[in-house]
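**Q** Handing you this structure, nothing more for now.
The values are calculated or read from the model by the stated rules, or taken from the named source; none is laboratory data. Please read all numbers here as calculations on a predicted model, not as lab measurements. Cβ atoms come from the backbone with ideal geometry, glycine included; neighbour counts cover every protein chain shown. Note: accessible area is taken over every heavy atom of the protein model, side chains too, but ligands, DNA and RNA are not part of it. Shrake-Rupley method; radii C 1.70, N 1.55, O 1.52, S 1.80 Å.
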Amino acid sequence: MDDLSDVGDEARRQEHGPLAGFTVGVTAARRADELGALLQRRGAAVLHAPALRIVPLADDSELMAATERIVDRAPDVVVATTAIGFRGWVEAADGWGLGDALLERLRTVELLARGPKVKGAVRAAGLTERWSPASESMAEVLDRLLEEGVAGRRIAVQLHGEPLPGFVEALREGGAEVLGVPVYRWLPPEDLTPVDRLLDAAVTRGVDAVTFTSAPAAVSLLGRAGERGMLAELLAAFGQDVLAACVGPVTAVPLQAEGVPTVQPERFRLGPLVQLLCQELPARARALPAAGHRLEIRGHAVLVDGELRAVPPAGMSLLRALARRPGWVVPRAELLRALPGTGRDEHAVETAMARLRTSLGAPKLIQTVVKRGYRLALDPATHAKYTD
């Protein structure tokens, strides 16, 4: 019977999506709609707050100047790091009347492409790469260059707003002249309201995870938190309750430098990032057997026997307070302190508790202990585990 019940619960969870009941912050500027759609398709609520903006290529004087330097004097090596960046560079050069000259120069150099997607963009431009690592690792590109010897060589590196820790420095220490090609420079957003909204949600645990698809977005979010005097609160939230999910290890560097634990998928793509969240967030949810039901507490909702139940914010605050000490009586005064924005009237607890019970659809999940408070009605088999 239990096996059949478990199967039914799992089917209901799948019906709602693995991220149902969770709220995920998205800091991306580029491909934010795609990432948001992937998350929503799996049941998540999405809070979009682009932490940066992209300088349009056609307006980027730094990129134009770098392109002109390459056209005037061909480098020995060009390292293409991202497919979209390489395509954008060629398109921008066309707009400036430098497209043919740039392609002609790139045909004469040792062109290295970091990974299959970049290789595809290179070939789509009518060019042929000299070499491309199967691992898509910049470290492997660096190893190859250093093994060949870089002293006296002029090396152009397509930058994409991402930091390349140690890459440029190692080339220069090896004696190379390094020319950066700043494709897609990123600046702080013009409207900081969404970022501030995300920061407020993070420190109050109104989001369960924040996704990062670029290191500059992480730097920008941390910087804004510092400007508002809430960096310590944000770091505490990331350290305890809010998951920092990064598309790859380079993106995670600014967060890890602040001591933030991060998770990254094995493949540095949006799809695997969402799949990782589908594993991590449900695994972090509190699950308790109570009054003959299975209660799973998520960010803004609860699964009761696999059925998704939306719960108001005040109700979630009460439920989390009860779940911190399952089976124990929690006094009304303590529950009152857990309610957001309430005064000293303990009647507010009774009102919020009534709404919580209605939301759960199983009133007996929470027991009233007369003149003392409330407690989660743990099943007898597990009550001793939490109360001994």
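**Q** Please find, within region 84-125, the residue that is modelled with the highest pLDDT out of those that are among the charged types (D, E, K, R) and closer than 20 Å to PHE167 by Cβ.
**A** Looking at the filtered set, the residue picked out is GLU110.
**Q** Would you please list the contacts, defined by Cβ atoms under 7 Å and residues six or more apart or on different chains, that run from a residue in region 232-246 that is open to solvent by less than 10 Å² (accessible area, probe 1.4 Å) to a residue that is basic (Lys, Arg) and not in a helix (DSSP H, G or I)?
**A** Final answer for the pair search is ALA237/ARG205; VAL242/ARG205.
**Q** Looking only at region 241-258, how many residues end up being farther than 21 Å from CYS278 by Cα and in a helix (DSSP H, G or I)?
**A** So the answer is 6.
**Q** Is one or more of the residues making up region 278-285 open to solvent by less than 10 Å² (accessible area, probe 1.4 Å), within 27 Å of the chain's Cα centre (by Cα), among the hydrophobic types (A, V, I, L, M, F, W, C) and over 14 Å from ALA362 (Cα atoms)?
**A** Scanning region 278-285, I find at least one residue that is open to solvent by less than 10 Å² (accessible area, probe 1.4 Å), within 27 Å of the chain's Cα centre (by Cα), among the hydrophobic types (A, V, I, L, M, F, W, C) and over 14 Å from ALA362 (Cα atoms), so the answer is yes.
**Q** Out of (1) assigned to a loop (DSSP other than H, G, I, E, B); (2) open to solvent by less than 50 Å² (accessible area, probe 1.4 Å); (3) within 15 Å of VAL77 (Cβ to Cβ); (4) not acidic (Asp, Glu), what's the single condition that is false for GLY152?
**A** (2)
**Q** Is there a residue in region 209-226 that is over 24 Å from ARG30 (Cα atoms) and either in contact with a strand residue (DSSP E or B) (Cβ under 6 Å, 6 or more places away or on another chain) or at pLDDT below 95 (or both)?
**A** Among the residues of region 209-226, not one is over 24 Å from ARG30 (Cα atoms) and either in contact with a strand residue (DSSP E or B) (Cβ under 6 Å, 6 or more places away or on another chain) or at pLDDT below 95 (or both), which makes the answer no.
**Q** In region 54-81, which residues are in contact with a helix residue (DSSP H, G or I) (Cβ under 7 Å, 6 or more places away or on another chain) and either open to solvent by 70 Å² or more (accessible area, probe 1.4 Å) or in a helix (DSSP H, G or I) (or both)?
**A** Once the filter is applied, which keeps residues that are in contact with a helix residue (DSSP H, G or I) (Cβ under 7 Å, 6 or more places away or on another chain) and either open to solvent by 70 Å² or more (accessible area, probe 1.4 Å) or in a helix (DSSP H, G or I) (or both), region 54-81 yields LEU57, ALA58, LEU63, THR67, ILE70, VAL71.
**Q** Can you pull out every residue in region 82-119 that is touching a strand residue (DSSP E or B) at 6+ places or on another chain (Cβ under 9 Å) and either open to solvent by 30 Å² or more (accessible area, probe 1.4 Å) or assigned to a loop (DSSP other than H, G, I, E, B) (or both)?
**A** Across region 82-119, the qualifying residues are THR82, ARG105, VAL109, ARG114, LYS119.
**Q** On to the next question. Please verify whether region 259-271 includes one or more residues that are part of a helix (DSSP H, G or I), touching a residue at least 40 places away in the same chain (Cβ under 8 Å) and surrounded by fewer than 17 Cβ atoms within 10 Å (Cβ to Cβ).
**A** Yes, because at least one residue in region 259-271 is part of a helix (DSSP H, G or I), touching a residue at least 40 places away in the same chain (Cβ under 8 Å) and surrounded by fewer than 17 Cβ atoms within 10 Å (Cβ to Cβ).
**Q** Next up: Residues in region 204-240 that are in a helix (DSSP H, G or I) and not hydrophobic (A, V, I, L, M, F, W, C): how many?
**A** 9
**Q** Next question, about the same structure. Scan region 164-171 and tell me whether some residue there is surrounded by fewer than 22 Cβ atoms within 10 Å (Cβ to Cβ), assigned to a strand (DSSP E or B), without any contact (Cβ under 8 Å) to a residue 40 or more places away in the chain and in contact with a Leu (Cβ under 7 Å, 6 or more places away or on another chain).
**A** no
**Q** Of the numbered conditions (1) under 30 Å from LEU102 (Cβ atoms); (2) open to solvent by less than 30 Å² (accessible area, probe 1.4 Å); (3) not β-branched (Val, Ile, Thr), GLU177 fails exactly one; give the number of that condition.
**A** All conditions are met except number (2).
**Q** What residue, of ARG30, ARG42, is open to solvent by 50 Å² or more (accessible area, probe 1.4 Å) and farther than 19 Å from ALA218 by Cβ?
**A** Testing whether each residue is open to solvent by 50 Å² or more (accessible area, probe 1.4 Å) and farther than 19 Å from ALA218 by Cβ leaves just ARG42.
One line per residue, one yes/no per condition, for (1) touching a strand residue (DSSP E or B) at 6+ places or on another chain (Cβ under 8 Å); (2) charged (D, E, K, R); (3) open to solvent by 20 Å² or more (accessible area, probe 1.4 Å):
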residue	(1), (2), (3)
ALA290	yes, no, no
HIS300	yes, no, yes
PRO312	no, no, yes
ARG320	yes, yes, yes
PRO326	yes, no, no
PRO331	yes, no, yes
LEU335	yes, no, no
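**Q** I'm trying to understand the selection: among the residues of region 267-292, which are closer than 20 Å to GLU34 by Cα and among the charged types (D, E, K, R)?
**A** Across region 267-292, the qualifying residues are ARG267, ARG269.
**Q** Something else now. Determine which single condition LEU146 fails, assuming it passes every other condition in (1) surrounded by 15 or more Cβ atoms within 10 Å (Cβ to Cβ); (2) touching a Leu at 6+ places or on another chain (Cβ under 9 Å); (3) in a helix (DSSP H, G or I).
**A** (1)
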